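Structure first, then comments.
The values are calculated or read from the model by the stated rules, or taken from the named source; none is laboratory data. This one's a predicted model, so the numbers in the text were calculated from it and none came from an experiment. All Cβ positions, glycine included, derive from the backbone under ideal geometry; neighbour counts span all protein chains shown. Quick note on the areas: whole protein, heavy atoms, side chains included, nothing else; ligands and nucleic acids left out. Shrake-Rupley method; radii C 1.70, N 1.55, O 1.52, S 1.80 Å.
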Amino acid sequence: LDAKDIAKIEAEGKLGITIAGMQQEISLEEVEILSEDIEGWLVASNGELTVALDVDITPALKDEGIARELINRIQNLRKDSRLEVTDRIDLKIKQSEKIKQAVENNLEYIKSETLSESLDLVETLEKGVQVEFDDIHTRLELTKHN
C-alpha cells in the first residue's frame, strides 16, 4: 500500500482494494502496518507526523566533533592550570592524521573558543597532558601568552 492508502485505513478503519480483479474490503484489524528505517536515516512517526534524520557522519562532521572535543579538553586544561577566563594562550598539539585534518579544517574556531594566540601542530611533544577520546590519542601543551 502507498502512504495514502495507509493513512485512509488508519483513519477509516477499512480500505477497499482489488485482488485478482475482485474488489475486497480489508479492516485495520486484518493488517499489520510496519515502517522500516532507510539505511543512513533514523525515522520516527507519531500519527500523521513523520520525522527523518540523516544520521550519516560526513568527514566534515567528524572533524567538527574532534575539534569540539579538543576545545573541551583545552578548556579543562586552562581551568586546571588556573588561568583567568580572559588569559590568552599559546597551544601545541601533538599531531596525527585525524588531529591534523580536524584542526586545519577548524583552526580559527578552535583558536577563538580557547583564546589561543598561536596553535601549533607538532610531531613530538614531551611535555603537556595526554588526551584520549574515541580513537584519538594526542598530547596538549598550553602556556600563558606573554
*asked:* Charges at C-beta only: +1 for Lys and Arg, -1 for Asp and Glu. How large is the resulting dipole of segment 1-93 about its Cα centre, in Debye rounded to 20?
replied: 920 debye
*Answer label for percent of Cα pairs over 20 Å apart (calculated), chosen among [x] 62; [y] 44; [z] 41*: [x]
*Zone of Leu61 (label point 7 Å along Cα→Cβ, backbone N under 13 Å): which residues in segment 117-138?*
none
*Provide, for the chain, the number of lysine pairs with alpha carbons under 25 Å apart, each pair being eight or more places apart or on different chains.*
27
_Per residue solvent-accessible surface (Å²) - segment 1-118, probe of 1.4 Å_ = 74 Å²
*Per DSSP H run of at least 4 residues, take -39500 (n - 2.57); add these up for the chain, divide by its residues and hand me the 222 nm value, nearest 500 deg cm²/dmol.*
-10500 deg cm²/dmol
*Which value, in Å² and to the nearest 10, is the accessible area of Ile17 when all protein chains are kept and the probe is 1.4 Å?*
40 Å²
*Starting from the Cα-Cα distance between Arg68 and Asp54, subtract it from 0.36 nm times their residue separation and give me the gain in nm to one decimal.*
3.0 nm
_Beta bridges per DSSP with both ends in the chain, % antiparallel, nearest 5_ = 80 percent
*Tell me, how many Å apart are the Cα centres for segment 89-120 and for segment 16-35?*
60 Å
*Multiply the residue gap between Ala3 and His137 by 0.36 nm, knock off their C-alpha separation, and tell me the result in nm, one decimal place.*
43.4 nm
_With a 1.4 Å probe and all protein chains kept in place, how much accessible area does His137 have, in Å² rounded to the nearest 10?_
110 Å²
*asked:* For Cα pairs less than 8 Å apart in space and 6+ apart in sequence, what is the mean separation divided by the residue count of segment 1-139, i.e. the relative contact order in percent?
replied: 16 percent
_Under the Karplus curve 6.51 cos²θ - 1.76 cosθ + 1.60, θ = phi - 60°, whole-Hz ³J(HN,Hα) for segment 123-137, x wherever Gly or Pro sits_ = 5, 10, 8, 7, 8, x, 10, 6, 10, 9, 7, 6, 10, 9, 9
